[in-house]
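Undergrad: Once you've had a glance at the structure underneath, I'll fire off some questions.
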Amino acid sequence: MILSKFIVSLFLILFGCTNNNGNNDDSILNSMVLIPSGEFIMGGKSADAYHNEFPRHEVKVSSFYMDQTEVTNAEFNKFVKATGYKTMAERKIDWEIMKAQVPPDTPRPPDSLLQAGSLVFIQTINNVNLNNYSQWWKWTVGANWRAPEGSGSSINNIMDHPVVHIALEDAISYAKWVGKRLPTEAEWEWAAMGGIQNAKYPWGNQTVKESIDKANLWQGSFPSNNSILDGFYGTAPVKSFPKNGYGLYDIAGNVWEWCSDWYDYNYYKLFENQIADNQKDIESIKNSADYKKFLEINSKLDSMLSEKNKIKNEIEEQFTKISRPLNKYVYVSSLDKPQKKLLENLIKSPYDVLIEANRKDIIQILESTKKGIQSGSVSVKDSDKSLLQIDETLSLLASFIEKISSFHQSKNDIQSKLSVFDNEQLRQKESTLSKYENDKSVLESKTKSAEKELVNTTELIPKWIKSLESILNEISAVQYVIKAE
């Protein structure tokens with residue numbers, strides 16, 4: 001593994017990835033490249049590799065699409081604005097949940113530490129023992145994707161840098177929203193190679209020290225001295241360094257990325273002396289306890305649909321009462337373009353736009369509509385009734401937003417539990433198996449067709465021979481007899 005120069009957080013989002021199934025929206029694929037299918041030897045390429053990267057083993061990978069770059073702050077910001085999503089680093093820590101994930105009898109940390117935050121890299125003064133990560137990772141209250149170095153920092157000037165402080169749950173939520181998924185470790189390694197076989201690094205075998213123009217890496221003695229030979233102390237804008245053979249940027253260095261696989265130190269040993277393939281794993285996956293838990297959680301998600309519909313119907317019923325004055329206000333308002341779009345959405349589908357980020361604009365729209373009714377510029381049949389209904393909507397607005405937010409939070413909490421099972425891995429295996437079975441069926445059909453043609457040809461050979469003998473005997477005095485062997 002190549003050490004990124006300055007990793008702001010342990011939680012970083014992986015390139016988006018999607019299967020090559022021929023049904024993808026063109027808009028989704030615009031920023032992606034097709035990674036071809038193939039077989040390769042997966043694992044450490046030299047003695048410098050970690051022990052858990054051995055033994056090397058052969059792997060088959062189906063073709064898939066992958067984002068050209070890491071997800072940027074600008075892209076993640078669009079997701080948060082559209083959904084109101086809160087990352088794990090922005091949520092207060094629940095000790096009851098946390099203590100189930102740490103060794104028994106672990107003492108409860110002080111409340112001052114059980115606040116929303118994340119780990120931030122701190123450069124050390126001197127060389128330190130590299131087995132003790134706590135010497136350069138510091139728990140920092142207030143650190144999250146918006147404030148990568150903690151309170152007071154911001155992303156305003158680094159919107160084209162990769163987003164950081166992203167947990168697996170956050171990465172999965174973003175990927176689902178954008179219509180993609182996370183790659184498996186095998187897909188990642190295959191894509192990172194860029195068509196180069198058995199090279200130590202994505203750019204070849206040139207050493208890290210000699211590769212300051214290849215990737216955003218730490219130069220110097222880690223973690224105490226960074227000589228910044230590549231021009232970046234921290235993260236770098238995406239596409240700052242050359243792309244690999246498949247057209248992917250920052251496939252090494254800059255930040256760490258997420259894969260969809262669960263980590264197991266001895267995982268590679270499971271595939272020693274065999275080819276890792278999709279077909280034979282599917283039955284055992286579906287019989288696993290994790291898969292049964294996954295189905296149970298999915299069932300809970302399905303049951304939440306009725307709760308969503310109940311909230312949605314309540315909101316739409318209320319906004320239907322004021323739809324006439326709002327429709328009238330569309331034509332007389334002096335709202336800017338985003339606010340006008342928000343007004344149109346309030347009329348068509350209020351549930352979708354009632355988020356905290358829109359609260360002030362919605363209040364402004366409703367108050368302006370009231371003024372329009374009072375001044376006569378917004379004509380309605382019963383002014384008093386319309387004004388009362390708008391006041392009623394304003395009084396309910398906060399509770400509507402809270403209901404939607406709470407619903408999405410509950411849904412996100414349940415969805416986070418889906419990570420106990422790698423459903424994407426199963427889907428990929430089933431997709432590959434289906435393709436294999438389809439190819440097999442096509443091959444069998446072609447074989448039968450060829451066999452039928454061969455039988456027909458064999459039956460026709462004697463007729464062709466007789467015909468050829470007849471022609472030869474007509475043009476020659478010599479009698480010809482042709483024998484088929």
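Undergrad: Jot down the radius of gyration and Dmax of the stretch 17-277, Cα atoms only, both in angstrom.
TA: Over the stretch 17-277's Cα set, Rg and Dmax evaluate to 19.6, 54 Å.
Undergrad: OK, next. Looking at this model, which pairs from LYS340/LYS360; LYS321/LYS411; LYS78/LYS337 are more than 23 angstrom apart at the alpha-carbon?
TA: LYS321/LYS411
Undergrad: Rounded, prolate or oblate, given the Cα gyration tensor of the stretch 53-130, with a/c below 1.5 counting as rounded?
TA: Oblate shape, in that a/c is at least 1.5 and b/c is the bigger or equal ratio.
Undergrad: Listed highest first by mean packing, meaning other Cβ atoms within 10 Å per residue, what order do 71-84, 170-183 come in?
TA: Packing order, densest peptide first, comes out as 170-183, 71-84.
Undergrad: Whole-Hz Karplus ³J(HN,Hα) for the stretch 333-344, in order, using 6.51 cos²θ - 1.76 cosθ + 1.60 and θ = phi - 60°, x for Gly and Pro?
TA: Per-residue couplings from phi come out as 6, 10, 5, 6, 4, x, 5, 5, 5, 4, 4, 4 Hz.
Undergrad: Take the residue pairs LYS60/LYS180; LYS81/LYS214; LYS341/LYS371 and return only those whose Cα atoms are more than 24 Å apart.
TA: Beyond 24 Å: LYS81/LYS214.
Undergrad: Sticking with this one: How large is ³J(HN,Hα), in whole Hz, for each residue of the stretch 109-121 in order, when computed from phi with the Karplus curve 6.51 cos²θ - 1.76 cosθ + 1.60 and θ = phi - 60°, using x for Gly and Pro?
TA: x, x, 4, 5, 9, 7, 10, 4, x, 7, 8, 10, 6
Undergrad: In terms of the Cα gyration tensor, with a ≥ b ≥ c the square roots of its eigenvalues, is the stretch 289-420 rounded because a/c is under 1.5, prolate because a/b exceeds b/c, or oblate?
TA: prolate
Undergrad: Sticking with this structure for a sec: Ratio of alpha-carbon Rg to the 2.2 N^0.38 Å globular estimate for the stretch 147-210, to two decimals, please.
TA: Normalised Cα radius of gyration, the stretch 147-210: 1.54.
Undergrad: Turning to a different aspect of this structure: If each residue of separation counts as 0.36 nm, what is the full-extension length gain between LYS360 and VAL33 once their alpha-carbon separation is subtracted?
TA: 113.7 nm
Undergrad: Here's another thing I want to ask about it. If we sort 128-140, 353-365 on the protection proxy, mean other Cβ atoms within 10 Å, highest first, what's the order?
TA: Averaged packing, sorted descending, gives the order 353-365, 128-140.
Every read-out reported here was derived from the displayed coordinates using simple, explicitly stated rules and does not represent laboratory data. All of these numbers come straight from a predicted model, not from anything done at the bench. Neighbour counts are summed over all protein chains in view; Cβ atoms, including those assigned to glycine, are modelled from backbone coordinates with ideal geometry.
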